[in-house]
Amino acid sequence: MIGRLNHVAIAVPDLEAAASQYRDVLGATVGSPQDEPAHGVRVVFVDLPNTKVEFLHPLGEDSPIAAFLARHPAGGIHHVCYEVGDIVAARDHLLQHGARVLGDGTPKIGAHGQPVLFLHPKDFTGTLIELEQVA
Ligand code: CO
């Protein structure tokens, strides 16, 4: 059901420091910051030949990333994102297998303009999973 690894998301306390480190020290192709108010995050994408890294920084008062950074002040891996062909079919399959989908189960539009859902980390080896529908 899951396809390619779309991105690994890393929560960072300093977005510009993370972006310049990946650009200048690791030699990666790093994009410009984008605000995602619906998700309470400011993001920077790093394009790698086979996948992406997504830096996440809190945006606004009740960003889910603020609590994560409070527990991990130096930053850390926040989630991994796998691609699926049909996100509603994937959700229904997961619910049938007892997995918990976060929120009300309705896909939201993610940072790439595609529908996304998040799965409870306790159901998946302690890792928050994002599913993104890719046509
Ligand atoms: Co993501």
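Please treat every number below as a calculation from the coordinates, not as lab data. What you see is a predicted model, and the numbers here were worked out from it, not measured in a lab. In this analysis, Cβ positions are derived from the backbone assuming ideal geometry, glycine residues included, and neighbour counts consider all displayed protein chains.
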Discussion item. Run the simple label-point estimate for A70 and K108 please: 7 Å along Cα→C-beta, distance reported in nm.
Written reply: 1.8 nm
Worksheet entry | Where only alpha carbons of the chain are counted, the Rg and the Dmax (Å) | 14.8, 46
Worksheet item: Once both labels are modelled 7 Å past Cα along the beta-carbon direction, what's the T125-V80 spacing in nm?
Response: 0.6 nm
Worksheet entry | Summed side-chain charge close to P13 - residues other than P13 whose Cβ falls under 15 Å, Lys, Arg +1, Asp, Glu -1 | 0
Item to complete: Give the calculated FRET efficiency between V8 and D92 to the nearest 0.05, with a Förster radius of 22 Å applied to their Cβ-Cβ distance.
Response: 0.25
Response to the item:
Asserting the computed 222 nm helical MRE of the chain (DSSP H runs at least 4 long, -39500 (n - 2.57) per run, divided by residue count, to nearest 500) equals -5000 deg cm²/dmol
Worksheet entry | Net lengthening on full extension, D24/R100 (0.36 nm per residue, minus Cα-Cα) | 23.4 nm
Discussion item. With +1 on the Cβ of every Lys and Arg and -1 on the Cβ of every Asp and Glu, and nothing else charged, how large is the dipole of the chain about its Cα centre, in debye rounded to the nearest 20?
Written reply: 280 debye
